[in-house]
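Novice: If you scroll down you'll find the structure; I have some questions about it.
The values are calculated or read from the model by the stated rules, or taken from the named source; none is laboratory data. These figures come from a predicted structure and were not determined experimentally. Cβ coordinates were reconstructed from backbone atoms using ideal geometry, including for glycine residues, and neighbour counts include every protein chain displayed. These area figures cover heavy atoms from the full protein model, side chains too; ligands, DNA and RNA do not enter into them. Shrake-Rupley method; radii C 1.70, N 1.55, O 1.52, S 1.80 Å.
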Amino acid sequence: MKRFLCIGLLAGLALAASAQDEKEVSISEVTVKGARTVQQPDGRWIFPTRQQLNSSPDGYSLLAKLALPHIRVDEAASTITALTNLGSVQVRINDIAASREDLLSLHMQGVERIEFIDNPGVRYGDGIAYVINIKVKKPVGGYVVGTQLTNTLTTVNGNELVYGRINHKKSEFGFNYGLNYQNFKGYEYDERAEYDLESGETVELNRHLLSQQTKNLGHNAQLTYSLSDSNYVFQAKLAGSSTLRPQRSESTMALNGSPFESRSATSHRTPSLDLYFHQDFRRHQSMTANLVGTFIKTNAHSENNEGSDYQYDTSGKTYSLWSEAVYENRLKPFTVASGVQFAQRYTHNEYHGDAEAVNDLRTSFLYLFSQLKGRLGKLNYVAGLGTSRRYYRQADAKQDFWLFRSKFNVSYPLAGRLRLKYGFEVSQHVSQIALISDAAIKQNSMETLLGNPDLKPCRRTDHDLRLTYSTPRLTAELQGYYRINSHCNMEKYIRRDGHFYLTQTNADNECSFFFIQSYNQWDIIPERLTATLYGGIYRFFNFGEDYKHTFTSFNGGCSVQAYLNRWTLGAYADNGWSFMEGEHRARNVPAWYFTATYRVSHALNISLFGQHLFAQHPLSSKAEVLSRHVRKTITRHDRDLGNMFTLKLTYRFDRGRKYREISRSMNHSDNETGILK
């Protein structure tokens with residue numbers, strides 16, 4: 001793979017050198033005539049080709065064709081995954097977080113560009129590694145209705161969606177309804193574990209899956225109303241999701257050959273109301289306000305009868321309120337943006353049975369930020385400062401602290417089409433709510449997962465250096481990244497009376513990693529054939545209270561897209577993402593996909609997806625535990641993912657659709673239940 005990576009990069013640079021005679025123009029940040037990629041201080045703008053838009057039945061299909069670095073898009077499952085340990089992916093439509101249904105019902109006719117922000121500023125909050133912002137023109141007339149039916153042909157798995165939008169004068173009314181279901185049976189699981197007891201004895205256990213079945217049946221719906229003019233937008237969204245039947249998993253395991261049963265069932269109901277307002281005034285100023293209320297009700301049952309019977313039930317309710325206000329002033333030669341976010345959450349979880357506990361968690365969050373973006377000569381910059389107050393209370397445990405975050409990115413053209421970027425950030429990270437609860441959940445006969453209410457935030461420092469070369473047909477980027485997590489929340493096994501408790505502590509821990517990676521995209525035949533190749537070396541350092549672990553891995557992938565009139569053919573492959581955090585060394589599932597889309601007409605598209613072909617039982621996960629007290633090797637395969645074929649039928653009918661300036665969409669919702677499991 002390394003050899004292919006080098007060859008691809010050298011070939012791309014050679015091609016770029018032969019294209020030096022192409023005429024240059026300057027359109028905002030555009031420096032190359034006809035360029036589909038426009039470099040920005042915090043990322044890049046991508047202008048999809050006509051072929052990409054015409055052959056994309058939904059937003060997931062379009063993003064898959066763009067082959068964004070570090071991002072895996074699964075069109076069949078409608079998922080977007082970050083292949084790094086830097087954080088999560090946030091997808092937006094016109095600057096506001098978008099739901100799965102928003103992407104599935106996205107109309108390609110209105111798409112202007114994709115803003116891929118791979119170095120997000122303080123505006124986006126903590127834990128966001130990549131932002132994909134789809135800029136869409138505002139519909140001002142007509143209507144569109146459509147359906148998307150996605151069904152796997154080789155197993156029971158499907159997602160069905162119907163939607164509609166109608167515009168009348170300044171108003172838009174919309175609805176979405178989706179149904180999803182799944183029934184997987186072909187799991188294989190093997191775990192080999194060694195436990196060192198206080199007596200010096202070592203217990204060796206083999207946990208092997210004999211049979212397992214997981215089932216899911218749920219639905220979701222949303223109603224939207226939008227009122228807009230040339231300088232304001234008001235939108236309201238009422239959304240909800242629930243399980244029609246509990247999500248069930250039933251397993252028969254064997255412990256050193258002796259069988260035992262393991263079961264779980266979960267049901268939920270989640271309504272939310274989202275109110276959004278945006279106002280432009282004095283041409284270069286704007287104000288945005290967003291208010292979201294969410295309720296989550298969860299009921300669950302779990303049992304793991306390894307060694308002895310162990311069962312418990314969980315019932316939980318979460319109420320949350322989230323709000324944001326942002327002011328932006330587009331001055332010359334810079335733009336300033338300042339804002340505030342406030343969130344209040346109350347969580348009540350009751351554990352009954354063998355895990356008897358009652359958790360009442362009250363948390364609040366206040367975040368203030370300000371960001372400056374502009375240009376000094378040829379130097380482009382983004383600088384921001386954020387500060388937040390976080391409050392947490394559970395029983396007698398209470399935390400009240402302030403966090404600070406500073407970040408800046410600079411971009412400078414070195415020569416011609418060569419550009420240098422550097423980003424620096426200092427921030428503080430807080431563990432998820434479930435980990436700071438005081439609940440203790442038994443995992444098996446030897447292990448218990450233990451929350452720690454005394455966890456404190458940790459400091460995080462990031463350095464990001466990139467060298468980018470761009471032409472109308474080639475983008476080649478070399479990136480070096482280094483992250484240091486000081487006094488971070490690191491896992492620790494506590495050995496007590498022949499049992500092992502997995503928890504997290506701060507102490508003098510450090511978890512850091514760096515990587516060097518190359519990303520290359522080449523339009524081999526403009527608007528007909530595009531190839532992407534990327535890969536890099538990653539190095540991880542984990543220094544806990546009583547351990548030191550290091551790990552080196554190579555992570556890479558490639559893709560090809562061909563546009564043949566009504567046909568669009570694509571192939572994608574990556575080797576997963578191997579990493580180490582704390583005392584866990586894990587390998588995410590490798591993926592290889594083949595897609596074929598046929599555009600029957602303007603309204604009808606038929607797509608066929610082949611996933612993990614030529615593999616009957618593809619690896620779905622692999623992990624190792626390297627504690628001095630506990631050592632484990634865990635492998636999992638999934639027959640249902642092997643030789644998997646999925647058919648997607650997309651039908652869209654519209655009449656009288658006209659577009660003008662940018663509109664807004666929204667979907668900020670809460671999904672944190674605080675349940676430890």
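Novice: Working carefully through the options Gly656, Gly642, Gly674, find the one that is at pLDDT below 95, touching a Leu at 6+ places or on another chain (Cβ under 6 Å) and open to solvent by less than 70 Å² (accessible area, probe 1.4 Å).
Specialist: Of Gly656, Gly642, Gly674, the one residue that is at pLDDT below 95, touching a Leu at 6+ places or on another chain (Cβ under 6 Å) and open to solvent by less than 70 Å² (accessible area, probe 1.4 Å) is Gly674.
Novice: Restricting the first residue to the range 576-589 and requiring it to be touching a residue at least 60 places away in the same chain (Cβ under 8 Å), which pairs with a second residue that is in a loop (DSSP other than H, G, I, E, B) and of a type in the set (Ser, Thr, Tyr) meet a Cβ separation below 7 Å and a spacing of at least six or different chains?
Specialist: Trp577/Thr84; Glu583/Tyr547; Glu583/Ser627
Novice: Right, next: When the residues of the range 418-437 are filtered to those that are buried (at least 18 other Cβ atoms within 10 Å of the Cβ), outside any strand (DSSP E or B) and not small (Gly, Ala, Ser), which remaining residue is modelled with the highest pLDDT?
Specialist: Looking at the filtered set, the residue picked out is Val430.
Novice: Mind checking which pairs have a first residue in the range 525-554 that is of a type in the set (Phe, Trp, Tyr) and a second that is part of a loop (DSSP other than H, G, I, E, B), Cβ under 6 Å, 6 or more apart or different chains?
Specialist: Tyr534/Pro69
Novice: Quick one: in the range 149-163, which of the residues that are over 24 Å from the mean Cα position of the chain (by Cα) and polar (S, T, N, Q) is least open to solvent (accessible area, probe 1.4 Å)?
Specialist: Result: Thr155.
Novice: For the subset of the range 315-327 comprising residues that are of a type in the set (S, T, N, Q) and in contact with a Ser or Thr (Cβ under 8 Å, 6 or more places away or on another chain), which member is nearest to His208 (Cα to Cα)?
Specialist: Ser315
Listed here are the residues, each with its yes/no results for (1) under 14 Å from Ile132 (Cα atoms); (2) at pLDDT 85 or above.
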{"site": "Glu24", "(1), (2)": "no, no"}
{"site": "Gln40", "(1), (2)": "yes, no"}
{"site": "Ile71", "(1), (2)": "yes, yes"}
{"site": "Gln90", "(1), (2)": "yes, yes"}
{"site": "Ile93", "(1), (2)": "yes, yes"}
{"site": "Ile96", "(1), (2)": "yes, no"}
{"site": "Leu103", "(1), (2)": "yes, yes"}
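Novice: Within the range 118-143, which residues are under 13 Å from the mean Cα position of the chain (by Cα) and assigned to a strand (DSSP E or B)?
Specialist: Ile128, Ala129, Tyr130, Val131, Ile132
Novice: Assuming Arg496 fulfils every condition listed in (1) touching an Asp or Glu at 6+ places or on another chain (Cβ under 8 Å); (2) modelled with pLDDT of 85 or more apart from one, which condition is it?
Specialist: Answer for Arg496: the failing condition is (1).
Novice: Further, regarding this structure: Condition test on Leu331, is it of a type in the set (A, V, I, L, M) and either closer than 20 Å to Lys407 by Cα or open to solvent by less than 50 Å² (accessible area, probe 1.4 Å) (or both)?
Specialist: It is false that Leu331 is of a type in the set (A, V, I, L, M) and either closer than 20 Å to Lys407 by Cα or open to solvent by less than 50 Å² (accessible area, probe 1.4 Å) (or both).
Novice: Taking into account only those residues within the range 121-130 that are under 19 Å from His70 (Cα atoms) and surrounded by fewer than 23 Cβ atoms within 10 Å (Cβ to Cβ), which is modelled with the lowest pLDDT?
Specialist: The selected residue is Asp126.
Novice: For the range 366-411, which residues satisfy the criterion of being of a type outside the set (Gly, Ala, Ser) and loosely packed, with under 15 Cβ neighbours inside 10 Å?
Specialist: Within the range 366-411, Arg375, Leu376, Lys378, Leu379, Arg389, Tyr391, Asp396, Lys398, Asp400, Phe401, Trp402, Phe404 qualify.
Novice: Please work out which one of (1) within 30 Å of Lys185 (Cα to Cα); (2) modelled with pLDDT of 95 or more; (3) of a type in the set (A, V, I, L, M, F, W, C) is the condition Phe260 fails and give its number.
Specialist: (2)
Novice: Let me ask something additional. Got a sec? Which strands (runs of 3 or more DSSP E) wholly within the range 171-256 have at least 3 residues that are at pLDDT 90 or above, in contact with a Gly (Cβ under 7 Å, 6 or more places away or on another chain) and of a type in the set (A, V, I, L, M)?
Specialist: Hits in the range 171-256: none.
Novice: Another one. Do we have any residue at all in the range 597-609 that's touching a Gly at 6+ places or on another chain (Cβ under 9 Å), assigned to a strand (DSSP E or B), open to solvent by 20 Å² or more (accessible area, probe 1.4 Å) and of a type in the set (Ser, Thr, Tyr)?
Specialist: Checked against the condition, which is being touching a Gly at 6+ places or on another chain (Cβ under 9 Å), assigned to a strand (DSSP E or B), open to solvent by 20 Å² or more (accessible area, probe 1.4 Å) and of a type in the set (Ser, Thr, Tyr), the range 597-609 yields no hits at all.
Novice: For the range 170-203, enumerate the residues that are in contact with a Lys or Arg (Cβ under 6 Å, 6 or more places away or on another chain) and not charged (D, E, K, R).
Specialist: Gly174, Asn183, Gly186, Tyr189, Ala193
Novice: Output the residues belonging to the range 626-636 that are in a strand (DSSP E or B) and either among the small types (Gly, Ala, Ser) or more than 23 Å from the chain's Cα centre (by Cα) (or both).
Specialist: Leu626, Val630, Arg631, Lys632, Thr633, Ile634, Thr635
Novice: Anything in the range 267-314 that is over 23 Å from the mean Cα position of the chain (by Cα), open to solvent by 40 Å² or more (accessible area, probe 1.4 Å) and under 26 Å from Thr214 (Cβ atoms)? List them, or say none.
Specialist: Lys297, Asn299, His301, Gly307, Ser308, Asp309, Gln311, Asp313
Novice: Next question, about the same structure. For the range 458-552, list the strands (runs of 3 or more DSSP E) that sit wholly inside it and hold at least 2 residues that are open to solvent by 30 Å² or more (accessible area, probe 1.4 Å) and within 18 Å of Trp577 (Cβ to Cβ); which are they?
Specialist: Counting at least 2 such residues, we get 510-525, 529-543.
Novice: While we're on this one: In the list Gly576, Gly557, which residue meets the criterion of being open to solvent by less than 10 Å² (accessible area, probe 1.4 Å), of a type outside the set (Phe, Trp, Tyr), in a strand (DSSP E or B) and under 30 Å from Leu474 (Cβ atoms)?
Specialist: Gly557
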